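Each remark here refers to the structure printed beneath this line.
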Amino acid sequence: MQARAGSAAGAAALAATKQHPAAASSLFALFSLSLLLLRLLLRLRLAAFRDAALTLHLLARLRIRPVTLRLPGPHATTLRVWCPASPSGKPPLLLLHGFGGDAKWTWARNLAALSRSFHLYVPDLVFFGSHSRSASPLRSVAFQARCAADAMRLLGVGRYDVAGISYGGFVAYRMAAVEARESVARVVIMTSGVAATVQEMGELAAREEMAVEEALLPDSAAGLRRLVHRSMHRPPPWLPDFVLHDFIQLMFVDQRKERTELLRELLRSGAGIDPLPALTQKTLVLWGDKDQVFPVDLGYKLHRHLGKKSRLEIIKDAGHALQLEGADKVNSFIKSFFLDERNEPEFGTT
């Protein structure tokens, strides 16, 4: 009976694709993902299951699909960007992730809410994920900013807002200051130590009592559990080793060498601008009051550096993974800052 039901479903799908050829590729992609989800669930590969579920959610529910771009330059570089499948009149917003995951995992609790108000562009930064790669020897924040700016130009987006968290905050700041200064309208920086000096960055790294790549690119269940507890004020109560091992294989194995080099370059030169300029764009700074990676003092320091064109919002009982623990507040602040004109003159600290 199950075989007959499967055959009937397959025949129905084939008939639908013949009637609507334009939908064929999307239908088979969703069907393949559904089978993959079932196989992963049966094998208890929960992190991989979650990854496939996120992809299915983006494709089927949010109508956001991946586009892989070949960027200009002397070295072969590709960047995968998640963006809406059809045009809209919504304002464009570029979201930049940090070291803890790729675009899907970082913004998992934000994309649905923000996609209602914005035309989202969500890249996997170079050396993150299986599609964003480069033969370039460069590992600087400037290189990442240039790649993101080139991608937006190739997508035909001339003017846009940008929001970045942690490492993505460094990239967003650099784009607004240099590589995409004329294109970036407004900026949101979240829990990013962009205002820290090289000495302060070294001191923060020394607190880990281990190599920075071991702390931020863990290769063991114990190391990943430690990172989760450092990044979240309220970490999940149940983190079994088999799930952590699965996530490490999914997120921290591929291009590990290149990401280690990114981290070391970040510690050496930060955003790569000395002295750090104050942005000309209006900027919202978001921070968790329980951040153990970049202490909240760095949020106040960045706000002072940016001056009257910035606003600082401290979110209570949230750690470094602000976009996850304080998702509702982060989504609300982003929407009100970018969309609500009445909030324009109200800059300060909350």
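The values are calculated or read from the model by the stated rules, or taken from the named source; none is laboratory data. This structure is a prediction, so every number in the text was calculated from the model and none was measured. Reconstructed Cβ throughout: ideal geometry from the backbone, glycine too, with neighbour counts over all protein chains shown. What goes into the accessible areas is simple: the full protein's heavy atoms, side chains included, and nothing from ligands, DNA or RNA. Shrake-Rupley method; radii C 1.70, N 1.55, O 1.52, S 1.80 Å.
Nearest 0.05, what FRET efficiency do residue 268 and residue 300 give at R0 = 30 Å with Cβ-Cβ as r? For R0 = 30 Å, the calculated efficiency reads 0.75. Put simply, the convex hull of the Cα atoms in the range 225-350 casts, on average, a shadow of 9.5 nm². With the convex hull of its Cα atoms as the shape, the range 64-161 has an orientation-averaged projected area of 6.1 nm². Packing-based ranking of 311-321, 218-228, 233-243 yields 311-321, 218-228, 233-243, ordered from highest to lowest mean Cβ neighbour count within 10 Å. Probing with 1.4 Å while keeping every protein chain in the model, the per residue accessible area of the range 147-210 equals 35 Å².
Between residue 241 and residue 182, the modelled labels are 5.7 nm apart [label points 7 Å from Cα along Cα→Cβ].
Computed over protein heavy atoms with a 1.4 Å probe, the carbon and sulfur contribution to the accessible area of the range 32-165 reaches 57%. Using R0 = 35 Å, the C-beta based FRET efficiency linking residue 280 and residue 219 works out to 0.25. Close Lys pairs in the range 232-350 (alpha-carbon distance under 23 Å; sequence gap of 8 or more, or different chains): 17.
Checking the a/c ratio against 1.5 first, then a/b against b/c, what shape does the Cα gyration tensor give for the range 292-343? Cα axes put the range 292-343 in the oblate bin. The orientation-averaged projected area of the convex hull spanned by the Cα atoms of the range 155-250 comes to 8.4 nm². Neighbours of residue 315 by Cβ distance under 11 Å: Lys/Arg scored +1, Asp/Glu scored -1, total -3. Extension gain for the segment residue 68 to residue 254, taken as residue separation times 0.36 nm less the Cα-Cα distance, is 65.2 nm to one decimal.
Solvent exposure of the range 274-320, expressed per residue, is 44 Å² of accessible area, with all protein chains present and a 1.4 angstrom probe. A full extension of the chain between residue 116 and residue 206 corresponds to an added length of 28.2 nm, given 0.36 nm per residue minus the alpha carbon distance.
Over the range 75-121, the hull volume per residue, using the convex hull of the C-alpha atoms, is 98 Å³. For the range 201-350, with all protein chains in place and a probe radius of 1.4 Å, 54% of the accessible heavy-atom surface sits on carbon or sulfur. A crude spin-label estimate for the pair residue 198 and residue 56, with each label 7 Å from Cα along the Cβ direction, gives 5.0 nm.
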